[in-house]
Amino acid sequence: LHTTGVLVAHRHSCRLCSEQIPRKATRFVCRWCRYHVCYDCGMHYKAAGESPESAVSRSMNKMQTTKTLRTSFMDKMKKKEVDRSSSVQYSKHYEIVSPVDAAIRTHQHTRGSGVAEDCRNLSFSASTLSLLPAVQDDDEAYRAARMEATASFEMGTSDSLPAIGVECEVARTIAQRAVALIELLGTEVGCQTDILDSRWAPILPVLPGDEDRGIQEGNVLSWLLGGGVPGVGPGSEYGKLIELLEAVELVFKSQPVLSEVEAPAKVFGDVHGQFRDLLLFFHFYGRPGQEEGTENVPMSYVFNGDWVDRGAHQLEVLTLLFAWKVIYPDLVWLNRGNHEDRNQNFKTTSQGGRGFDKACQDAFGAAGRSLFEIHHRVFGWLPLAARIDRRILVLHGGLGDGNWTLDDVRHVKRPLGSDDLVSVLDGVVYNILWSDPLQHTDSQRTTPQLAFGAHKSHRSKHTDVMKVFGRDVTERFCRREKLALIIRSHQFKNPCKGYEIMHDGWLLRVFSARNYNGRVPNDGGSVLVGRSEDQPEVLLVKPQSIERQHRLASSQELSTYMSNEPYCPRQHLMQLEHPKPLSCLGEMLNRGEAENVECARCGAEELKKDCYFHCRGCGIKSDRSYNLCLACANVIVNGGSSTISDDDSEPGDLSENTFELPMADAAESSMSEQLLVKEQDGAGPAVSAEEREEEKIDADAAAVAAARELAPAPTFAAPPPSGGDVHSAAV
């Protein structure tokens with residue numbers, strides 16, 4: 001087989017996944033026979049170091065070869081997913097909370113906003129997430145040892161950092177006052193008020209002794225530091241920040257450039273000075289040190305860079321994170337982002353934004369420039385990445401071309417200045433902070449090669465160094481370094497849920513600043529990494545989000561009564577398929593010869609005429625394919641079984657005068673009313689030609705539904721020919 005992008009005269013189906021290949025699309029093809037493999041399937045083999053032609057030896061029987069190769073491909077895809085799921089799995093649900101009603105809700109993932117289009121063979125887990133520590137011979141002893149280590153750091157008795165916890169009283173003061181600020185935020189939430197960070201001006205509480213501390217009224221940073229004497233000397237607010245920076249610099253110097261983190265852990269993405277959003281996460285989902293005085297296992301926290309630039313409270317974010325790093329050096333982990341860079345701060349200011357240099361100057365005037373330089377001296381010692389339980393790599397940007405190892409990163413010498421980022425490891429460090437993933441969508445089906453490999457970045461700065469990387473690069477890097485997942489930040493999506501699963505599950509993006517820069521309608525997200533209750537040796541990943549302000553209406557593309565996609569029995573997230581428009585006369589003439597698509601649950605036929613759900617992970621061949629009509633998809637989404645049993649419907653429950661879809665929650669009364677249409681008795685008012693046409697369509701729908709009644713176990717009765725509402729509810 002060889003790759004070609006030449007336009008072919010006829011459409012061909014991929015011999016592996018059986019999906020149709022566009023005539024203009026790049027593909028793998030045989031020069032001697034009409035043997036085509038889509039670029040997507042071919043690159044799946046290359047990612048594992050195997051080429052399509054070496055997957056199976058050719059035989060004289062062409063049909064036998066095709067069957068053997070397809071079976072080999074499906075088995076390989078299944079084995080790849082089993083290998084990864086034995087180490088890390090995604091939870092079937094994610095949590096989201098509204099700052100207005102404070103209700104934490106659990107939803108299923110949705111394709112397009114939480115799960116990317118390139119996630120085809122990914123399976124999700126229905127297991128419950130548990131916050132247990134690593135599997136040890138004696139769990140109680142292990143837990144006590146971790147709690148003792150945490151307490152020793154807090155009291156300043158650790159062997160590695162013997163004096164930091166005692167000498168830096170500023171860090172303890174900041175942490176204590178931050179708890180009071182989080183409680184104040186809880187009061188705001190209790191009043192059902194929500195405001196963006198850029199407009200947040202809280203009425204700060206007066207703590208004991210605050211009257212004599214010189215706290216500036218309405219200044220969050222001054223209040224967080226506990227005030228100070230005038231000037232820039234010891235005891236002033238400026239002096240307290242310098243003391244904190246010197247303490248946290250010692251912590252960073254004592255720890256490696258690649259941090260080793262223990263689960264359970266939480267991962268946060270870009271914050272960009274949006275302090276209130278960070279406090280909302282701590283209020284709803286917990287904060288560092290909250291397990292003190294309890295038997296709960298201490299939670300690790302990974303903050304994945306980009307804490308400064310653009311936001312209104314940049315110094316406040318840094319001050320709190322640095323204070324917690326000093327107090328909990330083995331529980332709080334900070335990764336460097338691309339905005340922890342002097343040149344990038346200046347660039348943000350020059351473009352009209354509020355760069356970190358301007359934030360320091362606004363807070364401390366002329367002394368702000370020296371404070372800015374001291375911060376960057378500390379930034380030079382920040383770790384570049386963190387590894388959770390040796391299976392999940394957390395870095396800010398991406399992989400670049402992927403031709404580097406974790407050992408290469410471990411040997412990077414710090415401090416790293418702005419000029420060093422481009423040159424160290426031939427640009428590897430720069431790509432760790434800057435590079436972006438490629439994302440394949442259905443609109444790129446004719447150019448699938450653009451979603452694989454490494455290419456020059458679309459960003460204007462250092463395009464010769466910065467790379468964008470495809471799914472094959474991610475998978476190959478993870479397999480070589482024995483990783484199951486890479487978590488990165490650096491990018492937001494408009495709109496998004498604060499997270500996005502990409503590259504067939506090998507990559508997860510998280511972005512924590514909601515309503516980014518006050519203009520983008522995105523949720524803020526974080527990621528909780530725990531353990532599966534069913535399999536404690538497996539890490540379970542579950543996103544946690546905070547709803548954006550003025551949330552937009554959800555997409556109407558699914559239907560008027562569904563908001564989530566269903567899962568197939570193999571736990572693949574299914575995809576909504578729309579009727580494909582006819583592009584030529586030949587398709588119009590052969591329309592009736594198209595392959596029939598049936599619902600795997602109720603047996604409804606000709607699903608291609610309307611919208612339906614298809615599992616791409618299971619393929620399209622009859623022995624493995626799995627498709628659902630919208631009605632059955634709604635049943636499964638609301639907790640119904642993926643198969644119809646005799647208990648699903650009783651003869652007495654079926655009414656000749658009603659058409660009703662099962663709903664999981666009786667509280668959804670308004671939705672149920674839309675799906676319940678009663679037969680109208682007697683003569684009605686005069687109807688127009690359009691209404692007659694709608695009645696004809698409804699009659700066709702009724703005939704199809706009546707055919708469903710002939711199935712062994714129907715789920716709903718056929719509607720009578722009536723108004724257009726029946727048709728809209730059915731579709």
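The values are calculated or read from the model by the stated rules, or taken from the named source; none is laboratory data. Keep in mind that what you see is a predicted model, and the values were worked out from it rather than measured. All Cβ positions, even for glycine, are placed from backbone atoms using ideal geometry, and neighbour counts span all protein chains on display. Heavy atoms of the whole protein, side chains included, go into the accessibility calculation; ligands, DNA and RNA do not. Shrake-Rupley method; radii C 1.70, N 1.55, O 1.52, S 1.80 Å.
Laid out as a table, the results:
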quantity: Search result, residues across region 301-315 that are small (Gly, Ala, Ser) and at pLDDT 95 or above; calculated: none
quantity: For Asp647: the one exception among (1) in a helix (DSSP H, G or I); (2) modelled with pLDDT of 75 or more; calculated: (2)
quantity: Test set (1) among the acidic types (Asp, Glu); (2) surrounded by 15 or more Cβ atoms within 10 Å (Cβ to Cβ); (3) at pLDDT 95 or above - Asp420 fails condition number; calculated: (3)
quantity: Among the residues listed as Trp307, Trp333, the single one being open to solvent by 10 Å² or more (accessible area, probe 1.4 Å), outside any helix (DSSP H, G or I) and closer than 21 Å to Trp434 by Cα; calculated: Trp333
quantity: Any chance Leu250 is open to solvent by 10 Å² or more (accessible area, probe 1.4 Å) and more than 32 Å from the chain's Cα centre (by Cα); calculated: yes
quantity: Unique match (being surrounded by fewer than 17 Cβ atoms within 10 Å (Cβ to Cβ), in contact with a Pro (Cβ under 8 Å, 6 or more places away or on another chain), at pLDDT below 90 and among the hydrophobic types (A, V, I, L, M, F, W, C)) among Val100, Val82, Val135; calculated: Val135
quantity: Which listed residue, of Pro329, Pro383, is out of contact with any strand residue (DSSP E or B) (no Cβ under 8 Å at 6 or more places or on another chain), in contact (Cβ under 8 Å) with a residue 40 or more places away in the chain and not polar (S, T, N, Q); calculated: Pro329
quantity: Criterion violated by Leu425 - all others in (1) surrounded by fewer than 23 Cβ atoms within 10 Å (Cβ to Cβ); (2) within 27 Å of the chain's Cα centre (by Cα) satisfied; calculated: (2)
quantity: Unmet requirement for Val56, which otherwise passes all of (1) open to solvent by less than 30 Å² (accessible area, probe 1.4 Å); (2) modelled with pLDDT under 75; (3) of a type in the set (A, V, I, L, M, F, W, C); (4) farther than 17 Å from Cys615 by Cα; calculated: (1)
quantity: Residue within region 372-390 that is closer than 30 Å to Pro536 by Cα, part of a loop (DSSP other than H, G, I, E, B), at pLDDT 95 or above and touching a helix residue (DSSP H, G or I) at 6+ places or on another chain (Cβ under 9 Å) present; calculated: yes
quantity: Evaluation of His455 against (1) free of Cβ contacts under 8 Å to residues at least 60 places away in the same chain; (2) farther than 30 Å from Leu540 by Cα; (3) assigned to a loop (DSSP other than H, G, I, E, B); (4) open to solvent by 50 Å² or more (accessible area, probe 1.4 Å) (one fails), failing number; calculated: (3)
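Here's the yes/no breakdown for (1) part of a loop (DSSP other than H, G, I, E, B); (2) modelled with pLDDT of 95 or more; (3) within 24 Å of Gly227 (Cβ to Cβ):
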residue: Lys266; (1), (2), (3): no, yes, no
residue: Asp277; (1), (2), (3): no, yes, no
residue: Phe282; (1), (2), (3): no, yes, yes
residue: Gly289; (1), (2), (3): yes, no, yes
residue: Glu292; (1), (2), (3): yes, no, no
residue: Glu295; (1), (2), (3): yes, no, no
residue: Val317; (1), (2), (3): no, yes, yes
residue: Leu321; (1), (2), (3): no, yes, yes
residue: Thr348; (1), (2), (3): no, no, no
